[in-house]
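Colleague: The structure that follows is given in the form of structure tokens.
The values are calculated or read from the model by the stated rules, or taken from the named source; none is laboratory data. Since the structure is predicted, the reported quantities are computational estimates derived from the model, not experimental observations. Using ideal geometry, Cβ is built from the backbone for each residue, glycine included, and neighbour counts are taken over all protein chains shown.
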DNA sequence: GAGCGAATTTAGCCATGACTAAATCCAATG
DNA sequence: CATTGGATTTAGTCATGGCTAAATTCGCTC
């Protein structure tokens with residue numbers, strides 16, 4: 001059984017490798033920052049994970065999960081996302097609270113618990129923030145979403161996924177009706193790094209900071 | 001925040017002090033056995049808990065929780081019993097499985113989670129095995145139950161509480177309809193350490209080992 | 001190609017909570 | 001009241017996973 005610390009690092013590295021460009025290595029400092037530990041501590045754990053064959057470490061360059069490492073990470077991600085959804089659906093948690101509580105619980109639940117909430121939720125494939133939920137076998141759906149920040153003026157799209165990293169953003173989006181499935185049209189884009197003016201549904205308009213729009217993933221609505 | 005290990009010891013010591021006679025001290029070896037650690041490890045932790053003023057330690061004699069220690073223990077017990085009940089009621093766990101899963105989860109849940117399952121369960125005062133659930137303030141009901149093993153021939157009673165320490169017993173009792181609330185009459189007692197012959201309801205009879213009957217707590221039924 | 005600065009790694013330390021082996025205490029027995 | 005055996009404590013070790021400070025490496029600039 002992998003220790004809690006090992007599981008946390010694996011999950012963070014997995015998420016970081018997805019946030020970075022394909023082929024890019026995940027650096028020690030990125031891991032340290034995400035885990036809120038010193039760079040030296042991160043190096044320590046990296047060496048341990050390499051020892052366990054869960055990742056390949058190129059010193060001074062970065063790390064990359066091995067297939068085994070990815071498999072382990074996906075198990076943890078599955079626990080996390082099922083828990084998030086369960087907390088939301090069955091216990092009424094707010095959108096921005098589920099991540100923290102799932103972090104606490106994900107190491108503690110048994111396979112049996114996992115199966116039971118999976119069944120209670122109707123075997124969902126998508127989590128509380130729209131992320132794909134890995135299957136028990138370690139398969140994970142690949143969604144071809146685009147960032148809302150990358151959309152052009154006049155385009156229409158549905159909100160399909162939102163980063164779970166920023167509770168304040170989640171609270172804001174929830175309060176303003178920008179939930180999963182909402183249809184949005186880009187009315188106007190500021191030329192450089194300014195906000196987007198977007199239309200929500202047919203009658204409401206909204207200004208959204210670029211930083212927020214970079215954390216929202218959308219599916220293009222049919223023309 | 002108390003560490004998981006500290007919480008586990010507190011819970012075990014609290015339960016042991018209730019299983020023993022009033023005023024009796026809880027010994028190092030009892031704690032070691034219950035926690036599945038060596039006696040030396042238990043001594044280590046006892047010294048730490050004494051340092052934290054959670055218990056009083058009389059060397060070579062035993063320990064006794066301080067009022068603060070009891071308060072901390074009751075918080076953990078409250079988490080545990082609410083979780084057990086939730087697992088049973090909302091996720092369909094069997095009677096003999098809830099203890100193990102609650103052990104995993106009890107350290108991980110937040111106050112918010114506790115409040116939410118408390119509400120979902122309708123603010124219960126009794127746990128899955130009939131044990132009182134401490135209130136958030138640290139009050140706990142005292143039930144004046146007797147052991148089924150101490151009942152005399154001809155007496156009638158209701159099953160009110162069962163020890164959660166033996167999953168095999170719980171499974172057995174559940175399968176034979178000896179659940180909480182069942183009315184039972186003692187038909188015959190073997191003279192010394194033999195089984196009891198009991199009647200369940202009006203038409204069924206059953207032989208129950210003395211060891212089992214010592215772990216079942218009952219309320220005398222009105223004559 | 002030397003040097004600089006930032007990132008990374010190494011070295012050495014600490015707390016926690018296990019362990020074994022050895023010493024010590026205490027109660028019971030003769 | 002001395003002895004002895006079981007319970008308890010002490011002493012010393014280990015693994016885990018943090019930390020800081022110091023050394024090292026790498027990429028970039030001159």
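Colleague: If you go through region A:138-148 one residue at a time, how many are in a loop (DSSP other than H, G, I, E, B) and surrounded by 13 or more Cβ atoms within 10 Å (Cβ to Cβ)?
Modeller: Adding up the residues that qualify gives 4.
Colleague: So residue A:164 clears everything in (1) within 14 Å of chain B (Cβ to nearest Cβ); (2) modelled with pLDDT under 95 except one condition, right? Which one?
Modeller: (1)
Colleague: Among (1) more than 9 Å from chain B (Cβ to nearest Cβ); (2) touching a helix residue (DSSP H, G or I) at 6+ places or on another chain (Cβ under 8 Å); (3) under 28 Å from residue A:29 (Cβ atoms), where does residue A:75 come up short?
Modeller: Going through the list (1) more than 9 Å from chain B (Cβ to nearest Cβ); (2) touching a helix residue (DSSP H, G or I) at 6+ places or on another chain (Cβ under 8 Å); (3) under 28 Å from residue A:29 (Cβ atoms), residue A:75 breaks only (2).
Colleague: Further question on the same structure: Checking residue A:17 against (1) more than 14 Å from chain B (Cβ to nearest Cβ); (2) surrounded by fewer than 20 Cβ atoms within 10 Å (Cβ to Cβ); (3) away from DNA strand D (no atom under 16 Å from the Cβ), only one condition comes out false. Which one?
Modeller: Here residue A:17 clears every test but (2).
Colleague: Here are some conditions: (1) away from every other protein chain (no Cβ under 12 Å); (2) touching a helix residue (DSSP H, G or I) at 6+ places or on another chain (Cβ under 7 Å); (3) within 22 Å of residue B:118 (Cβ to Cβ). Residue A:85 meets all but one. Which one does it not meet?
Modeller: (2)
Colleague: Can residue A:25 be described as in contact with a strand residue (DSSP E or B) (Cβ under 7 Å, 6 or more places away or on another chain) and under 25 Å from residue A:216 (Cα atoms)?
Modeller: Working: in contact with a strand residue (DSSP E or B) (Cβ under 7 Å, 6 or more places away or on another chain): yes; under 25 Å from residue A:216 (Cα atoms): yes.
For residue A:25, the condition - in contact with a strand residue (DSSP E or B) (Cβ under 7 Å, 6 or more places away or on another chain) and under 25 Å from residue A:216 (Cα atoms) - is met.
Colleague: Can you report the number of residues in region B:32-50 which are closer than 15 Å to residue B:73 by Cα and within 8 Å of DNA strand D (Cβ to nearest atom)?
Modeller: So the count comes out to 1.
Colleague: Looking at region B:57-66 only, could you name the residues that are exposed (fewer than 15 other Cβ atoms within 10 Å of the Cβ) and more than 8 Å from DNA strand D (Cβ to nearest atom)?
Modeller: none
Colleague: Something else about it: Can you name the residue in region A:24-38 that is over 14 Å from residue A:8 (Cβ atoms) and within 8 Å of DNA strand C (Cβ to nearest atom) and, of all such residues, is surrounded by the most Cβ atoms within 10 Å (Cβ to Cβ)?
Modeller: So the residue we want is A:28.
Colleague: Additional query: Would you call residue A:177 surrounded by fewer than 20 Cβ atoms within 10 Å (Cβ to Cβ), over 14 Å from the mean Cα position of the chain (by Cα) and under 22 Å from residue A:82 (Cα atoms)?
Modeller: Here the answer is no, as residue A:177 does not meet what is asked.
Colleague: Now a separate question. So residue B:5 fits all but one of (1) part of a helix (DSSP H, G or I); (2) over 30 Å from residue A:107 (Cα atoms); (3) within 16 Å of DNA strand C (Cβ to nearest atom); what number is the exception?
Modeller: With (1) part of a helix (DSSP H, G or I); (2) over 30 Å from residue A:107 (Cα atoms); (3) within 16 Å of DNA strand C (Cβ to nearest atom) applied to residue B:5, the lone miss is (2).
Colleague: Then there's this: Specify the residue that is surrounded by the most Cβ atoms within 10 Å (Cβ to Cβ); the eligible residues are those in region B:90-123 that are more than 12 Å from chain A (Cβ to nearest Cβ) and within 21 Å of residue A:93 (Cα to Cα).
Modeller: The extreme case among them is B:123.
Colleague: Read through the list (1) buried (at least 18 other Cβ atoms within 10 Å of the Cβ); (2) more than 16 Å from DNA strand D (Cβ to nearest atom); (3) closer than 16 Å to residue B:4 by Cβ, then give the number of the only condition that residue B:81 fails.
Modeller: (3)
Colleague: State yes or no: is residue A:94 over 21 Å from residue A:16 (Cβ atoms) and not assigned by TED's automatic domain parsing to the domain that holds residue A:10?
Modeller: Spelling it out, residue A:94 is indeed over 21 Å from residue A:16 (Cβ atoms) and not assigned by TED's automatic domain parsing to the domain that holds residue A:10.
Colleague: While we're here: For residue A:80, all conditions in the list (1) more than 14 Å from chain B (Cβ to nearest Cβ); (2) within 27 Å of residue A:21 (Cα to Cα) hold save one; what is the number of the exception?
Modeller: Condition not satisfied by residue A:80: (1).
Results for (1) within 19 Å of the chain's Cα centre (by Cα); (2) free of Cβ contacts under 8 Å to residues at least 40 places away in the same chain; (3) within 13 Å of DNA strand C (Cβ to nearest atom), shown as yes or no for each residue.
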{"position": "A:14", "(1), (2), (3)": "yes, no, no"}
{"position": "A:22", "(1), (2), (3)": "yes, yes, no"}
{"position": "A:40", "(1), (2), (3)": "no, yes, yes"}
{"position": "A:43", "(1), (2), (3)": "no, yes, yes"}
{"position": "A:47", "(1), (2), (3)": "no, yes, yes"}
{"position": "A:71", "(1), (2), (3)": "yes, no, no"}
{"position": "A:77", "(1), (2), (3)": "yes, no, no"}
{"position": "A:81", "(1), (2), (3)": "yes, no, no"}
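Colleague: Could you check, for region B:168-175, whether at least one of its residues is part of a loop (DSSP other than H, G, I, E, B) and over 20 Å from residue B:90 (Cβ atoms)?
Modeller: Taking every residue of region B:168-175 in turn, none turns out to be part of a loop (DSSP other than H, G, I, E, B) and over 20 Å from residue B:90 (Cβ atoms).
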